[in-house]
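Structure first, commentary second.
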Amino acid sequence: MLLFALGFLLVILQPSSGQFPRVCANTQSLLSKECCPPWDGDGSPCGELSSRGSCQNILLSLAPLGPQFPFSGVDDREDWPSVFYNRTCRCEGNFMGFNCGECKFGFSGPNCTERQVKTRRNIFQLTTSEKNKFLAYLNLAKNIPSQDYVIATGTYTQMNNGSNPMFRDINVYDLFVWMHYYASRDTLLGGSNVWRDIDFAHEAPGFLPWHRVFLLLWERQIQRITGDENFTIPYWDWRDAEDCEVCNDEYMGGRHPTNPNLLSPASIFSSWQVICTRSEEYNSQEALCNATREGPIRRNPGNNDKSRTPRLPSSADVEFCLSLTQYESGPMDKMANYSFRNTLEGFADPQTAISNPAQSGLHNALHIYMNGSMSQVQGSANDPVFVLHHAFVDSIFERWLRRHRPMLEVYPAANAPIGHNRENYMVPFIPLYRNGEFFKPSRELGYDYEYLQEPGLESFQDFLIPYLQQARQIWAWLVGAAVFGGIVTAVLTGLIRACRKKKGGTSSEIQPLLIESEDYNNISYQSNF
């Protein structure tokens, strides 16, 4: 009955998220390279008559890229989305969306003027009713087609440069699986040749902002198809976990009784079919994933390669990662040392921050530990544990932002791997979002985390640490000031005494005592930091 009611809401709501807008997936739009659909509210492109936005040329970043991708003009994702469209809606004020028909994250109301901050909660803090509703929402998304978006089943060249569109429908949940695949797929170079060292969502500075947008869009999509505007993604706090605490039939599915690689038949997720998991097959066929079903979700948590991932991440791993002051460093890829991003992503040791791609820490450790669908990058979003996991990873990113309070300039403007510079648009989202736009506190984007709101020691430490770090940076100056102040005080004291003695030799009985010599030697200037 719940699923029927939720399904009915689809008829009266207009969902939106990212990828190819259905209204622009046609020959006319592709040949004109323009995606500026009308807003239903006034019928004008981008809602221009209502001052929501206007159709504008896309402004691409000209900043140089890193050396990781030595090609040009061979991949549809280069200078996204210019291969498909070079004119899109540019929305004004707090409006957003491919036709400026939505509000920016963190705003609501008919004119998008009402600020809002919603709270993401620990999945184990949800009531039974709330938890069951979340599971029902997931299953609903898996069984309802996306109304506003389609996926590409061929490259722009295979579409004969737009004259032969190749798109197909997809359900809401799999739309996001496909987007994750598309951002991380290999580059097809022709024949059997591919370039694997490319990823628009991982192994570089954009890893955290990209997944932040991904979750925000996924969250909004669930809100739209269910009519539950207060829905937020729960998170799984996996610090110090001894096993997969959510891998049971009460939550995300337990282990199959006879096949440890599959989910329990008692879980609703046991009937789910995965897509976009056969990258080698797509490469050999010079094809894109077309969302064909490829079998059930596979998961065998804990039976992974222990030499690569010996355990789940600890609280100490997270705290060390948070102590790193550099967001990015060196080559800005998986070989970066002392990089917060690379350490959190899991390519650097969570105890030294030295790059070690042969090991998997923090974020990567969870993927490897799951030992199944979630362990292969391109298809990892097939497992719904992905959402819980990345929500917690995003909360760690949020803690780092609050602790270190970086300026936007901290995010690299140039020389990052392709697609990861600050002003690059994120692949494959339409409407367009730049990496740098999501390098800011979550409350500015309309959400927060339950455990970051608690007035406990953890939050207090995150508040205090930036000031302690600043104190360390000026410690030498403070000591020097203390010494200088002591010398000046001593000199002034001597001069005053000498002057008073010279004036008349006032007796010690009536001479005011400035300071006893033994007390003076015990005085020092100390900082409370």
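General remarks:
- Scanning the range 119-143 for residues that are without any contact (Cβ under 8 Å) to a residue 12 or more places away in the chain and assigned to a loop (DSSP other than H, G, I, E, B) yields one hit, THR127.
- Qualifying positions in the range 102-146 - open to solvent by less than 30 Å² (accessible area, probe 1.4 Å) and β-branched (Val, Ile, Thr): ILE123, ILE144
- Some residue of the range 268-286 being assigned to a loop (DSSP other than H, G, I, E, B), surrounded by fewer than 18 Cβ atoms within 10 Å (Cβ to Cβ), small (Gly, Ala, Ser) and modelled with pLDDT of 95 or more: no
- Remark: ASN99 matches the filter, which requires a residue to be in contact with a Gly (Cβ under 7 Å, 6 or more places away or on another chain), open to solvent by 20 Å² or more (accessible area, probe 1.4 Å), outside any strand (DSSP E or B) and not hydroxyl-bearing (Ser, Thr, Tyr).
- Test result for LEU49, open to solvent by 60 Å² or more (accessible area, probe 1.4 Å), within 30 Å of SER108 (Cβ to Cβ), out of contact with any strand residue (DSSP E or B) (no Cβ under 8 Å at 6 or more places or on another chain) and part of a loop (DSSP other than H, G, I, E, B): no
- LEU388 meets the conditions (1) in contact with a Pro (Cβ under 7 Å, 6 or more places away or on another chain); (2) open to solvent by 30 Å² or more (accessible area, probe 1.4 Å) in every case but one. The failed one is (2).
- The range 67-81, residues that are closer than 24 Å to ARG212 by Cα and without any contact (Cβ under 8 Å) to a residue 40 or more places away in the chain: ASP79
- Of GLU242, GLU219, GLU250, all but one fail to be closer than 30 Å to MET96 by Cα and charged (D, E, K, R); the exception is GLU219.
- Residue within the range 89-96 that is open to solvent by 60 Å² or more (accessible area, probe 1.4 Å) and within 25 Å of the chain's Cα centre (by Cα) present: yes
- Output for the range 345-375, where each listed residue is at pLDDT 95 or above and among the small types (Gly, Ala, Ser): GLY346, ALA348, ALA353, SER355, SER360, GLY361, ALA365, GLY372, SER373, SER375
- Count - residues of the range 194-225 that are within 15 Å of ALA141 (Cα to Cα), open to solvent by less than 10 Å² (accessible area, probe 1.4 Å) and touching an Asp or Glu at 6+ places or on another chain (Cβ under 7 Å): 1
Each row is one residue, and each column tells you yes or no for (1) in contact with a Gly (Cβ under 9 Å, 6 or more places away or on another chain); (2) over 20 Å from TRP236 (Cα atoms); (3) free of Cβ contacts under 8 Å to residues at least 12 places away in the same chain.
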residue: THR352; (1), (2), (3): no, yes, yes
residue: SER355; (1), (2), (3): yes, yes, no
residue: MET374; (1), (2), (3): no, no, no
residue: PHE397; (1), (2), (3): no, no, no
residue: PRO417; (1), (2), (3): yes, yes, no
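- Residue check for VAL83: within 22 Å of MET159 (Cβ to Cβ), surrounded by fewer than 19 Cβ atoms within 10 Å (Cβ to Cβ) and at pLDDT 95 or above: no
- Of the residues making up the range 52-72, those that are outside any loop (DSSP other than H, G, I, E, B) and not hydroxyl-bearing (Ser, Thr, Tyr) are GLY53, CYS55, GLN56, ASN57.
- The set of residues in the range 288-319 that are in a helix (DSSP H, G or I) and surrounded by 18 or more Cβ atoms within 10 Å (Cβ to Cβ) comprises ASP317, VAL318.
The values are calculated or read from the model by the stated rules, or taken from the named source; none is laboratory data. Everything quoted here is computed from the prediction, not taken from an experiment. All Cβ positions, glycine included, derive from the backbone under ideal geometry; neighbour counts span all protein chains shown. Accessible surface areas use protein heavy atoms only, side chains included; no ligands, DNA or RNA. Shrake-Rupley method; radii C 1.70, N 1.55, O 1.52, S 1.80 Å.
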